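Only one structure is covered here, and it is reproduced in the block below.
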2 protein chains.
Amino acid sequence: MIDALGYAAEDANSPLRPFTFQRRSPGPRDVEIEILYCGVCHTDLHQSRNDWGNALYPMVPGHEIVGRVVSVGAEAGRFSVGDIAGVGCMVDSCRHCRPCRSALEQYCEEIPTWTYNARERGSDQLAFGGYSDRIVVDEHFVVRIPPSLDLKAVAPLLCAGITTYSPLKHWKVGPGQKVGVIGLGGLGHLGLRFAKALGAEVVMITTSEAKGADALRLGADEVLVSTDPAAMERHAGSFDFLLSTVPVSHDANPYMALLRLDGTMAVVGALTPLAPLLGGHLIAARRSIAGSSIGSPAETQEMMDFCAEHGIVSDVEVIDIADINEAFRRLEKGDVRYRFVIDMASLKAAA
Amino acid sequence: MIDALGYAAEDANSPLRPFTFQRRSPGPRDVEIEILYCGVCHTDLHQSRNDWGNALYPMVPGHEIVGRVVSVGAEAGRFSVGDIAGVGCMVDSCRHCRPCRSALEQYCEEIPTWTYNARERGSDQLAFGGYSDRIVVDEHFVVRIPPSLDLKAVAPLLCAGITTYSPLKHWKVGPGQKVGVIGLGGLGHLGLRFAKALGAEVVMITTSEAKGADALRLGADEVLVSTDPAAMERHAGSFDFLLSTVPVSHDANPYMALLRLDGTMAVVGALTPLAPLLGGHLIAARRSIAGSSIGSPAETQEMMDFCAEHGIVSDVEVIDIADINEAFRRLEKGDVRYRFVIDMASLKAAA
């Protein structure tokens with residue numbers, strides 16, 4: 001019997017391996033989901049390897065979860081057995097702080113309960129993620145998946161999707177605006193699609209000229225290669241909004257110079273220190289650099305409905321769970337277009 | 001005959017010295033102002049000494065100018081001879097770019113004509129600042145000074161004042177908000193007064209415990225010593241807005257942690273690189289760090305009227321022009337409460 005793939009102990013340098021665990025018992029407000037697909041997020045790599053120094057083992061990664069509801073608690077009225085449902089990066093929050101009361105649970109002042117590498121609220125029990133056959137989650141943190149969407153390609157929307165959708169909405173991206181999406185990967189290719197669907201003129205900003213053709217296929221109006229100083233100079237001071245999906249420390253200064261008066265660059269990927277930022281870039285045109293973290297359950301639902309309306313899903317490469325360690329290696333090199341998704345039926349096959 | 005104090009040539013390491021120059025001839029839209037007082041801004045020090053590598057000599061510093069109108073051009077209808085008038089950091093702009101058309105001339109895409117260390121628009125002639133007996137300025141860039149205000153204490157409002165007033169207004173500081181002003185100097189003491197007058201709860205954030213008593217005298221509700229980690233921790237995540245008046249490179253990270261969800265820190269003093277900013281600080285609570293540059297003529301007028309209404313002026317130390325070099329030395333050490341202002345009558349005495 002295998003319940004999941006993960007780390008049974010503090011062995012982050014070894015490959016993920018078959019794993020069994022005691023699952024949390026469903027409560028009255030919970031839904032239990034049989035997992036069909038789980039996306040492979042860059043965070044899974046960071047957390048698994050304890051890159052951020054906060055790893056809790058044993059660990060089952062995965063927070064881009066799509067599945068079928070197999071049981072519902074007595075007080076869980078939003079779902080029925082058989083519904084297709086999704087779970088993203090969090091499974092609980094304090095519910096009483098100002099952000100929680102404002103439907104911004106991702107900014108819970110007592111820290112949301114992350115889907116994995118966390119402890120269940122008010123308990124020592126570890127939360128386990130989506131590289132697994134089942135998950136039990138409070139229905140408040142579960143979203144409905146419109147049946148018209150391709151389920152395997154929906155999974156990445158639960159993290160990569162909402163992480164890019166939320167800032168585009170918060171900073172009111174829309175028609176008449178010129179928007180740059182920095183970095184063409186799992187997040188960037190969805191940010192591009194959302195910004196286009198919201199009506200903006202969208203420029204894909206990439207270090208890699210080779211990615212240009214694919215950016216245009218994905219709907220970019222133009223490609224700007226950030227290593228080309230003349231091209232960067234041509235676009236100076238012309239962007240209303242920039243979305244930086246770069247997942248590592250980077251130098252924001254060349255991008256800040258692209259913003260026009262009152263423009264904002266939102267950082268969604270880099271948690272680590274950015275290169276020293278010139279105060280003059282901020283002051284000269286009242287520019288802002290900001291951050292944004294995933295999205296609330298309500299906003300994730302809004303995004304799902306928006307995706308159904310506009311036919312937006314992720315480009316995915318579906319893998320068997322037996323191939324996860326190779327997928328991690330390829331992910332590390334940026335070799336995926338644009339998201340690995342585990343077909344969880346392969347877990348039974350692996351057993 | 002002495003017209004001004006300044007640098008006659010590229011001799012930034014020598015003291016400012018008596019200086020005569022050919023003044024620009026007034027045009028039909030100009031007003032000519034006999035200068036009564038001129039504030040001494042930190043920028044004067046930077047520019048004089050070519051700290052930013054863009055010095056144009058000969059140079060007459062000074063952009064916090066209050067004086068009496070002595071002549072008006074045929075098409076300059078807003079002023080009459082004898083009016084008290086002020087001139088700040090700029091004396092012209094392109095007038096046709098989007099910012100100029102939006103009454104945000106300080107962000108002119110073709111760069112405003114600064115009051116000194118600049119060339120007159122469409123000309124090779126240098127612009128000379130306020131350490132002088134007279135100045136000639138297009139009336140669009142001249143503000144009316146309400147007669148109820150103490151003129152010598154008004155001068156610093158033209159730069160230090162508007163630099164702090166503009167971001168407080170732009171980010172909608174008002175009642176119910178907790179606002180921190182970082183740095184108690186020429187800018188900070190005015191930012192504190194404005195934020196209080198706008199109805200916010202105001203905390204003066206300073207590295208110097210010794211400045212605490214004066215901050216309370218100036219109206220601060222509380223003083224937070226930023227070198228006290230326990231005090232910083234007590235205020236973590238509690239500020240709606242921070243105004244950083246620190247005039248040099250600094251580490252914004254400890255301040256970012258003070259902001260609550262969606263809080264903004266506006267930098268108005270530091271043009272140089274800030275210490276590496278943690279992306280995680282931005283992302284964790286959708287925080288922003290932004291910049292803001294002085295203010296437009298229209299907003300400067302609004303501020304002057306606000307100052308008259310609320311009785312706000314600068315704390316000043318009035319000096320004779322003969323003492324300017326000593327004032328520069330003291331300014332460099334931060335030894336002024338809170339702004340030197342030159343009584344320009346002393347120029348005639350020095351002649």
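The values are calculated or read from the model by the stated rules, or taken from the named source; none is laboratory data. All figures in this text were calculated on a predicted structure; none of them were measured in a lab. Quick reminder, even Gly has a Cβ in these numbers, built from the backbone with ideal geometry, and neighbours come from all protein chains shown. Note: areas computed on protein heavy atoms with side chains; ligands, DNA, RNA excluded. Shrake-Rupley method; radii C 1.70, N 1.55, O 1.52, S 1.80 Å.
Numbers at a glance
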item	result
Alpha carbon centroid spacing (whole Å) that separates the stretch B:90-167 from the stretch A:245-299	30
Accessible surface, the stretch A:161-291, averaged per residue in Å² (probe 1.4 Å)	32
Theoretical ellipticity at 222 nm over chain A - DSSP helices of four or more residues, -39500 (n - 2.57) apiece, nearest 500	-6500 deg cm²/dmol
Spatial separation of Cα centroids for the stretch B:206-227 and the stretch B:3-69, in angstrom	34
For residue A:180, distant residues with modelled amide H under 5 Å away	A:203, A:241, A:242, A:243
Averaged over A:99-109, number of beta-carbon atoms from partner chains that fall within 10 Å	3
Label point distance in nm, residue B:249-residue A:222, each placed 7 Å from Cα along Cα→Cβ	3.3
For residues of A:242-254, the mean tally of beta carbons on other chains within 10 Å	1
Distances in nm from residue A:103 to the matching label points in the other copies, shortest first (labels 7 Å along Cα to Cβ)	3.6
Isotropically averaged projected area of the stretch B:1-137, using the convex hull of Cα atoms (one quarter of hull area), nm²	8.5
Cross-link partners of residue A:152 among lysines (Cα-Cα below 18 Å; sequence separation of 8 or more within a chain)	A:348
Number of partner chain Cβ atoms within 10 Å, mean per residue of A:267-278	6
Integer Hz, Karplus 6.51/-1.76/1.60 couplings in order for the stretch A:74-85, x for Gly and Pro	4, 9, 8, x, 7, 10, 10, 4, x, 5, 8, 9
Under the Karplus curve 6.51 cos²θ - 1.76 cosθ + 1.60, θ = phi - 60°, whole-Hz ³J(HN,Hα) for the stretch B:288-302, x wherever Gly or Pro sits	10, 10, 9, x, 8, 10, 5, x, 7, x, 5, 6, 5, 5, 4
For the axis carrying chain A to chain B: nearest C-beta residue of A, whole Å	A:288, 2
Within the accessible area of chain A (1.4 Å probe), percent carbon and sulfur	49
Förster radius 30 Å - calculated FRET efficiency between residue A:68 and residue A:323, Cβ distance, rounded to 0.05	0.85
Karplus (6.51, -1.76, 1.60) ³J(HN,Hα), θ = phi - 60°, over the stretch B:230-247, in Hz, Gly and Pro reported as x	5, 5, 4, 5, 4, 9, 4, x, 10, 9, 7, 8, 10, 10, 8, 9, 4, x
In the B-A interface, the accessible area buried, summed over both sides, Å² (probe 1.4 Å)	2900
D (Stokes-Einstein, µm²/s), Kirkwood Cα radius, the protein assembly as shown, 0.692 mPa s at 37 °C	118
Burial ranking of peptide ranges B:123-131, A:270-278, A:238-246, A:97-105 (average Cβ count within 10 Å, highest at the top)	A:238-246, B:123-131, A:270-278, A:97-105
Shortest-first nm distances, residue A:199 label point to equivalent points in other copies (7 Å, Cα→Cβ)	3.2
Antiparallel content of DSSP bridges confined to the protein assembly as shown, in %, to 5	55
Packing-based ranking, highest mean first, of A:329-336, B:325-332, A:296-303 given that Cβ atoms within 10 Å are counted	A:296-303, B:325-332, A:329-336
Residue with peak Gaussian network fluctuation, chain B [Cα springs, cutoff 10 Å], from B:136, B:341, B:225	B:225
Relative contact order [Cα under 8 Å, 6+ residues apart], chain B, whole percent	18
Between helix B:160-170 and chain B: long-axis angle, C-alpha atoms, 0 to 90°, nearest 10	50
Cα-derived Rg over Rh, computed across the stretch B:231-337 with Rh taken as Kirkwood radius	1.06
Inter-copy label distances at residue A:237 (7 Å, Cα→Cβ; nm, one decimal)	4.1
Distant-in-sequence amide H partners of residue A:63 (H built 1.01 Å from N, under 5 Å)	A:41, A:130
Relative contact order of the stretch B:161-291, pairs being alpha-carbon contacts under 8 Å that are 6 or more residues apart, as %	21
Percentage relative contact order, the stretch A:89-236, counting C-alpha pairs under 8 Å, at least six apart	13
Dimensions in Å of chain B - Rg and Dmax from alpha carbons	20.0, 63
Equivalent-ellipsoid semi-axes of the stretch B:161-291, from the Cα gyration tensor, Å, largest first	19, 16, 15
Given charges at beta-carbon only (K, R positive; D, E negative), |dipole| of chain A in Debye	520
1.4 Å probe accessible area per residue over the stretch A:109-151, in Å²	43
For residue A:342, distant residues with modelled amide H under 5 Å away	A:38, A:39, A:40, A:319
